[in-house]
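Here the structure comes first, spelled out in structure tokens, and everything after it is commentary.
Computed from the coordinates by the stated procedures, all read-outs in this text should not be read as laboratory data. Quantities reported herein were computed from a predicted structural model and do not represent experimental measurements. Positions of Cβ are generated from backbone atoms using ideal geometry, with glycine treated the same way; all protein chains shown enter the neighbour counts.
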Amino acid sequence: MRLDSPVLAAGTRITNLLILNFYWLLGCLPIVTAGASTIAAFSVTLKMAEDREGSSMTAQFWTAFVKNLKHGVPLSLILLAGLGSVWMDVKLIEEQIGDSTGLLIAGIAVLILLLMHFLYVFALEARYKNGLLAGLANARGIFLYDLRRSLLLTAALLAEFILITQLNTPLRLFSILFLPILMIYTISKALMPVLRNLEETAGKQNPS
């Protein structure tokens with residue numbers, strides 16, 4: 001088997017992603033650091049998406065994790081608050097007798113807002129220096145800038161989640177070991193062309 005064999009390259013990539021998923025899980029152990037861990041994972045997978053990852057994935061991840069704690073923790077708290085409100089909304093709908101249309105609309109609205117702001121925000125934090133509010137605004141802007149791609153990506157992520165966690169297969173038992181990084185890598189591959197296009201456009205408008 002040649003060193004440049006596609007099979008060997010694919011095996012190496014899969015192994016690196018599995019290791020990266022383990023690092024991500026470690027970084028998420030205090031739940032409030034999940035945001036920093038996700039940013040750190042994106043700092044590696046965005047480079048993987050361009051086939052330019054560095055020599056030490058471990059150093060890249062943990063350096064990015066420490067560097068992004070300041071932004072990652074607030075993002076984690078905002079996301080957890082949003083998801084918590086959706087969970088409470090679902091519980092209220094289950095317990096309510098009568099018309100629950102208002103609660104249903106409110107829950108869907110919160111989910112849409114979370115999707116618009118959090119689908120890309122961790123990747124943007126990994127690639128650029130943003131303030132908290134600027135990062136969320138930029139994530140929303142990119143979501144709407146290429147809405148078709150964003151919706152297709154959302155559908156792909158939902159399909160990955162359902163196929164791996166809801167079907168009664170052996171993969172379901174071990175999904176936590178690879179599904180998070182699979183979804184992060186999927187976002188990275190889909191987002192990189194958009195970021196490249198925006199960066200090239202900005203470069204043309206502001207030549208050095």
Report the FRET efficiency, 1/(1 + (r/R0)^6), for Asp51 and Asn197, where r is their Cβ-Cβ distance and R0 is 30 Å, rounded to 0.05.
0.95
Stretched out fully, how many nm does the piece from Leu113 to Leu163 gain, at 0.36 nm a residue minus the Cα gap?
15.5 nm
Considering only C-alpha atoms, what is the centroid distance from the range 17-74 to the range 131-208, in Å?
15
Given the options Leu29, Leu157, Leu17, state which has the largest fluctuation in a GNM of the chain using a 10 Å cut-off (strictly under) for Cα springs.
Leu29
Sequence neighbours fewer than 8 away in the same chain don't count; with that in mind, list the aspartates and glutamates whose C-alpha is under 17 Å from Lys67.
Glu125
Where does each of 167-175, 58-66 land if you order them by average Cβ count within 10 Å, highest first?
58-66, 167-175
Would you be so kind as to identify which of Leu147, Leu80, Phe42 lies farthest towards the positive end of the dipole of the chain, taking Lys and Arg as +1 and Asp and Glu as -1 on Cβ and the Cα centre as origin?
Phe42
Just name one of Val90, Leu17, Thr101: the one whose Cα is farthest towards the positive end of the charge dipole of the range 1-153 (beta-carbon charges, Lys/Arg +1, Asp/Glu -1).
Leu17
Report, to the nearest 10°, how far helix 147-165 tilts away from the longest principal axis of the Cα atoms in the chain, using its own Cα long axis and a range of 0 to 90°.
90
